[in-house]
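Have a look at the structure below, then the notes.
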Amino acid sequence: MKLYMNAAACSLSPHIVCRELGLDIELVEVDRETHRTSDGKDYLAINGNGYVPALVLDNGKVLTEGPAIVQFLADSVPQGSAMLPEVGNISRNEVQSYLNFITAELHKPMVLLFNRLYASVHEPIRALIAKRLSWLNGRLAGPYLTGDAFTVADAYLFVCLNWSPWIDIDLKQWPALHGFMARVAGRPKVRAAMQAEDLEAFDAGGVFFAPHAYVASSGRTGSPVRP
């Protein structure tokens with residue numbers, strides 16, 4: 001399988017899921033400006049929307065949209081039930097509910113904060129995100145969203161919250177979520193995924209990570225910390 005990705009983007013979520021499940025995956029990076037892939041293809045011919053992730057199966061079938069991809073990955077192997085319970089188990093629906101919440105209420109508005117075209121409404125967007133984070137902070141059922149099990153929804157949430165420092169959201173306002181980030185960042189397979197994407201942190205605890213070039217361009221100071 002091939003996973004088309006950008007470093008630290010939402011494609012990191014299925015990348016983490018693959019690592020957690022022990023799935024063999026080939027990473028193919030996509031140039032955001034030219035839509036050319038690192039293996040020389042036109043990404044728009046693979047995903048006409050132009051954004052990542054896209055998963056190309058061994059039979060050539062293409063699957064897009066992160067929440068759908070992570071569910072497919074979890075369902076593709078027996079051990080995947082640890083990250084996405086089987087059909088008929090309400091715990092599966094709880095995980096799916098969080099996937100929907102994250103994609104609609106966090107992922108999309110957070111992405112708008114990276115876009116200067118929406119600068120005039122950044123503050124209202126940031127206020128909306130804060131409201132959603134306050135709700136989520138009170139919902140953590142244990143170490144992870146649904147309890148003790150690390151699920152595909154946790155991988156997705158980690159990736160979205162990882163953007164917080166880069167869009168001026170101080171996650172320390174929500175201690176449960178900040179603790180969640182530290183726990184997930186400490187998982188060996190998560191760290192392996194971040195190493196593969198050449199990410200680094202500027203906080204000593206290693207809670208938030210970004211590509212080296214992005215960190216350098218942001219003007220941040222400090223000693224980079226590798227996962």
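Is there any pair with a first residue in region 65-77 that is in contact (Cβ under 8 Å) with a residue 60 or more places away in the chain and a second that is crowded, with 21+ Cβ neighbours inside 10 Å and aromatic (Phe, Trp, Tyr) whose Cβ atoms are under 9 Å apart and which are 6 or more apart or on different chains, and what are they?
Gly66/Tyr156; Pro67/Tyr156; Val70/Tyr156
Are any of the residues in region 55-78 charged (D, E, K, R) and within 30 Å of Ala201 (Cβ to Cβ)?
yes
Please verify whether region 116-128 includes one or more residues that are within 30 Å of His212 (Cα to Cα) and under 18 Å from the mean Cα position of the chain (by Cα).
no
Within region 187-206, how many residues are surrounded by 17 or more Cβ atoms within 10 Å (Cβ to Cβ), modelled with pLDDT under 90 and part of a loop (DSSP other than H, G, I, E, B)?
Final tally of qualifying residues: 2.
For the subset of region 58-80 comprising residues that are in a loop (DSSP other than H, G, I, E, B) and within 18 Å of Glu26 (Cβ to Cβ), which member is least open to solvent (accessible area, probe 1.4 Å)?
Val77
Could you say which residue among Leu157, Leu113, Leu171 is under 24 Å from Met83 (Cα atoms) and touching a residue at least 24 places away in the same chain (Cβ under 8 Å)?
Values: Leu113 fails: under 24 Å from Met83 (Cα atoms); Leu171 fails: under 24 Å from Met83 (Cα atoms).
Of Leu157, Leu113, Leu171, the one residue that is under 24 Å from Met83 (Cα atoms) and touching a residue at least 24 places away in the same chain (Cβ under 8 Å) is Leu157.
Does region 1-44 hold any residues that are free of Cβ contacts under 8 Å to residues at least 12 places away in the same chain and in a helix (DSSP H, G or I), and which are they?
The one that is free of Cβ contacts under 8 Å to residues at least 12 places away in the same chain and in a helix (DSSP H, G or I): Leu44.
Without any contact (Cβ under 8 Å) to a residue 24 or more places away in the chain, surrounded by 14 or more Cβ atoms within 10 Å (Cβ to Cβ) and assigned to a strand (DSSP E or B): is that true of Leu55 in this structure?
Criteria not met by Leu55.
If you go through region 110-162, how many residues are within 15 Å of Ala176 (Cβ to Cβ), of a type in the set (Gly, Ala, Ser) and either open to solvent by 50 Å² or more (accessible area, probe 1.4 Å) or assigned to a loop (DSSP other than H, G, I, E, B) (or both)?
4
The values are calculated or read from the model by the stated rules, or taken from the named source; none is laboratory data. These numbers were taken from a predicted model, which means no experiment stands behind them. Here Cβ is always computed from backbone atoms with ideal geometry, including for glycine, and neighbour counts include all displayed protein chains. SASA here: full protein model, heavy atoms, side chains in, ligands and nucleic acids out. Shrake-Rupley method; radii C 1.70, N 1.55, O 1.52, S 1.80 Å.
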